[in-house]
1. So which residues in region 19-57 are touching a Ser or Thr at 6+ places or on another chain (Cβ under 7 Å) and of a type in the set (A, V, I, L, M, F, W, C)?
2. If I filter region 298-310 for residues that are among the β-branched types (Val, Ile, Thr), closer than 19 Å to residue 38 by Cβ, at pLDDT 85 or above and open to solvent by less than 100 Å² (accessible area, probe 1.4 Å), do I get at least one hit?
3. In this structure, is residue 210 at pLDDT 60 or above and assigned to a helix (DSSP H, G or I)?
4. Residues that are modelled with pLDDT of 80 or more, more than 38 Å from the chain's Cα centre (by Cα) and crowded, with 18+ Cβ neighbours inside 10 Å: does region 31-42 have at least one?
5. Can you pull out the helices (runs of 4 or more DSSP H) entirely within region 90-195 that have at least 3 residues that are modelled with pLDDT of 70 or more?
6. List every residue pair whose Cβ atoms lie under 8 Å apart, where the two residues are 6 or more positions apart in sequence or sit on different chains, the first residue falls within region 134-160 and is in contact (Cβ under 8 Å) with a residue 60 or more places away in the chain and farther than 13 Å from residue 3 by Cα, and the second residue, located anywhere, is among the polar types (S, T, N, Q) and not in a helix (DSSP H, G or I).
7. Looking at region 276-293 only, could you name the residues that are open to solvent by less than 60 Å² (accessible area, probe 1.4 Å) and either among the basic types (Lys, Arg) or in contact (Cβ under 8 Å) with a residue 40 or more places away in the chain (or both)?
8. Need pairs with beta-carbon distance below 9 Å; first residue among the charged types (D, E, K, R) and within region 238-265, second in a helix (DSSP H, G or I); sequence gap 6+ or separate chains.
Amino acid sequence: IRWSEYLQEAGGIVLDKLVLYRAAIHTFSLATAAAITLCLLAFYGVPLDPNSGGLLAGGRFYRPGRPPAGYRDSPYPYAENTSDPEGIGKTFSSVLDYKDLALRFRLSLKNRWDSEMEWGFWPEGKSLVMFLGAVHVASVIILSILYLMVDFPLEWQVYLSEREEVKAILAKEERVLETFWEKIHKMIHVKVERGSAAKTGEKNIVLRTESSASKDSKAKRDLPVMTEEGKISTWDFLLVLYSALGRSTWAWHWGILLCLAIMGVHSSPVYFVFCCLDYFWTPNGQMVVSALVNGAQALSRALAMGILVMACFGFFSYCYFSQTAIYEDQSCHSP
């Protein structure tokens with residue numbers, strides 16, 4: 001609140017500069033996350049052949065049992081150098097499935113920075129990705145601090161004003177209930193005085209007044225504890241702060257993004273890839289999301305029309321040009 005008052009007293013100049021700096025740092029953090037993703041696609045987890053020193057299977061990777069059309073599962077030429085020549089080391093697909101641990105355990109909670117096998121294609125790239133990751137973590141920390149300095153004081157004031165409105169409504173309802181119970185008590189008191197069962201009526205009145213007194217004491221216990229100076233206590237302040245942060249979407253956003261960045265440095269660089277989803281929180285990304293949400297029906301109809309057009313062209317092209325492709329290129333294995 002003090003910082004928000006200082007920004008307001010500064011005439012908006014400091015606030016405008018902070019907003020500009022935040023936009024630039026946000027763009028820079030997205031750029032670093034995208035750069036890390038491209039680096040991981042280029043040289044992370046590429047399986048190397050320890051016998052030849054080159055790429056395993058010449059870079060033609062496919063899963064066992066499902067080779068692409070036109071390929072066959074070639075035998076591994078260095079099968080005798082493996083521990084299982086007739087099993088795992090027999091074909092390229094089985095060796096690849098056993099060796100490429102990065103493709104199988106990328107999201108496991110293990111430290112992927114210590115695995116030299118996954119950085120074997122370009123060992124120096126590990127230092128590059130680590131540097132970009134540290135820069136990304138620093139930028140996310142700065143953005144989180146700027147959120148606490150610029151946006152959260154305004155959200156805090158809105159939350160306190162709403163809280164005061166709720167308190168006023170509850171106090172009004174409590175006054176209405178008090179007047180209602182007072183009327184009921186007066187009616188009972190009059191009936192008891194006129195009736196013959198005065199003792200029973202007095203007992204009921206005592207019980208009800210005790211229950212209302214216990215409710216009042218409970219309500220007083222639920223109110224924030226005030227110190228001698230007239231300020232809210234530390235514990236109640238922390239509870240209110242936790243409630244304000246818990247209802248803030250941006251607080252959750254920056255908290256999750258900071259956790260992903262820290263996990264990327266500590267555990268696996270793949271967590272930096274998820275930081276690219278921060279793009280959908282920018283104004284341009286929100287426009288993309290709104291276009292997809294608002295135009296979902298129109299997009300689905302356009303997709304259905306495109307599928308129908310492709311099916312028609314595929315059918316006619318196969319009927320009239322399939323034999324030409326077979327004779328000219330000899331690329332089809334069907335008779």
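The values are calculated or read from the model by the stated rules, or taken from the named source; none is laboratory data. Just so it is clear, the model here is predicted, and its values are computed rather than measured. Neighbour counts are summed over all protein chains in view; Cβ atoms, including those assigned to glycine, are modelled from backbone coordinates with ideal geometry. We work out accessible area using only protein heavy atoms, side chains counted, and drop any ligands, DNA or RNA first. Shrake-Rupley method; radii C 1.70, N 1.55, O 1.52, S 1.80 Å.
1. If the condition is that a residue be touching a Ser or Thr at 6+ places or on another chain (Cβ under 7 Å) and of a type in the set (A, V, I, L, M, F, W, C), then 25, 28 are the ones that fit.
2. no
3. No: the conditions fail for residue 210.
4. No - not one qualifying residue is present in region 31-42.
5. It comes to 92-99, 124-146, 152-194.
6. 155/248
7. Hits for region 276-293 are 276, 278, 282.
8. So the pair list comes out as 247/155; 247/159.
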